[in-house]
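Okay, structure first, notes after.
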2 protein chains.
Amino acid sequence: MQHWRVYAPPGTYLRQANAQLHSDRRSEILDAARRCFSRTGFHQTSMQQICADAGMSPGNVYRYFPSKEAIIAGIAERDRAEVAAQLASAQFTTDFFTSFAALARHHFVERTAEEVGLCAEIMSESRRNPTISKIMNEFDADVKDRLVTMLSSAQARGDISREADIGTAVEMLMVIADGVWWRRAVDPNFNAEAVLPMFLDITKYMLLERGKERELERSADPDRVRAMRAGEE
Amino acid sequence: MQHWRVYAPPGTYLRQANAQLHSDRRSEILDAARRCFSRTGFHQTSMQQICADAGMSPGNVYRYFPSKEAIIAGIAERDRAEVAAQLASAQFTTDFFTSFAALARHHFVERTAEEVGLCAEIMSESRRNPTISKIMNEFDADVKDRLVTMLSSAQARGDISREADIGTAVEMLMVIADGVWWRRAVDPNFNAEAVLPMFLDITKYMLLERGKERELERSADPDRVRAMRAGEE
């Protein structure tokens, strides 16, 4: 990178340093807000508390985010980029269900209690805060689209049944993901790890077996039906 | 019942009328509280609002319930009795999965937006209110026990696979039920009816197919494996 220095116009290093500082500060505020919201609740957390947790003056924090809603939008934007990267990377491996299992473990087990708690707070708040509701529903719609894209390309590659009902399967995956996170958010005895094998089997059922069954129902050829029932197809 | 009147000791009618009035009043307060909590949120609803909605004086309401937590305990107790009756009645029909489908439709689709909203409020509040958390976790443990009992007797009757992992299946059913209710609570476009067939297929998979697969794995007899794979067992 050394040679690049020659071509950098005056002020470049300062602008880069400023941009990095801006990005770091944003990130610090979002992290502080996540801690506060998750611990105290979105509604009960004040901007003052977030400033104190971030170790920044209110004037400084307000320059980045004018409201708690703007902070939630910032967190959603950051999470969305992360989810997008994860789902995109899962498409480029050879064994679809192994990749899917890793994604599921990450989302169900490895995501922190703080992330799970924040999500619970956002969902609750969205019930009577239209701004939060809009952010959350757009986030969900985005994840849903990405899951549909991921499963559709797996279907095109032949990794999942060509008859699988991808739309409903994605809806069900999102329902189960919400349910697992809510269990984690409210029940200290809930063990997400313990339901993971069942979840993966259900996913395979939705994307492989149930598709085959649907195909079977449509098929009028008794020989083919017999062959599929015997698991030879 | 007329002849019974002869044996009734003095004061019986008055006591009966009082007990009925007491029970009606309790019920009215619980209904009013459910409306208020679901609309305004548990945390943001005051006892005064509940009194106003019930059309009763604070003195009168406090005689029945000293706090919002006591009201939630009352609602949980009433719901628990209803769930118990529903699950118990489902055991006495001939076709298990038809009964189960009716239960699922009732719980996913027919329960009102107000009931769903109240549940969301209780779950949220339970995250930092130990009294509510205790009521909710006892309620969940009770439902879980009843589901395990229901499925165990279905297993004893041969309606579900003898190898089905009932504990994990119940855990997953409760995760999905939570997920469906949260979707209903936060997403006006969510259609619980549309995921019902997939949910019922998943349930059958967990209680029939997956059990067979587990049995298959344990089996050392290749003829039996072949016969089961062909769906002849």
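Every number in this text was worked out from the coordinates using simple rules, so none of it is lab data. This one's a predicted model, so the numbers in the text were calculated from it and none came from an experiment. Cβ: placed from backbone, ideal geometry, glycine included. Neighbour counts: every protein chain shown.
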Net charge within 14 Å of A:Arg35 by Cβ-Cβ distance, Lys/Arg positive one each and Asp/Glu negative one each, not counting A:Arg35 itself?
-3
Overall form of region A:69-229 per C-alpha gyration tensor (a/c, 1.5; a/b vs b/c):
prolate
One decimal, nm, nearest first: from A:Arg128 to the same residue in each other copy, label points 7 Å out along Cα→Cβ, the values are 1.6
FRET efficiency estimate (nearest 0.05) - Cβ-Cβ, B:Ala17 to A:Ala113, R0 35 angstrom:
0.10
Before rounding to the nearest 500, sum -39500 (n - 2.57) across all DSSP H runs of length at least 4 in chain A and divide by the residue total; then give [θ] at 222 nm in deg cm²/dmol.
-24000 deg cm²/dmol
Centroid-to-centroid separation of region B:162-207 and region B:89-156 [C-alpha atoms, Å]
11
Reported to two decimal places, what Rg/Rh ratio describes the protein assembly as shown when computed on Cα atoms with Rh from the Kirkwood expression?
1.05
Helix B:12-40 vs. chain B, principal-axis angle (Cα, 0 to 90°, nearest 10):
70
Of the peptides B:70-82, B:201-213, how do they stack up when ordered by the mean number of other Cβ atoms within 10 Å, highest first?
B:201-213, B:70-82
Work through the residues other than A:Ile202 whose Cβ is under 11 Å from its Cβ and net out their charges, Lys, Arg +1 and Asp, Glu -1.
-1
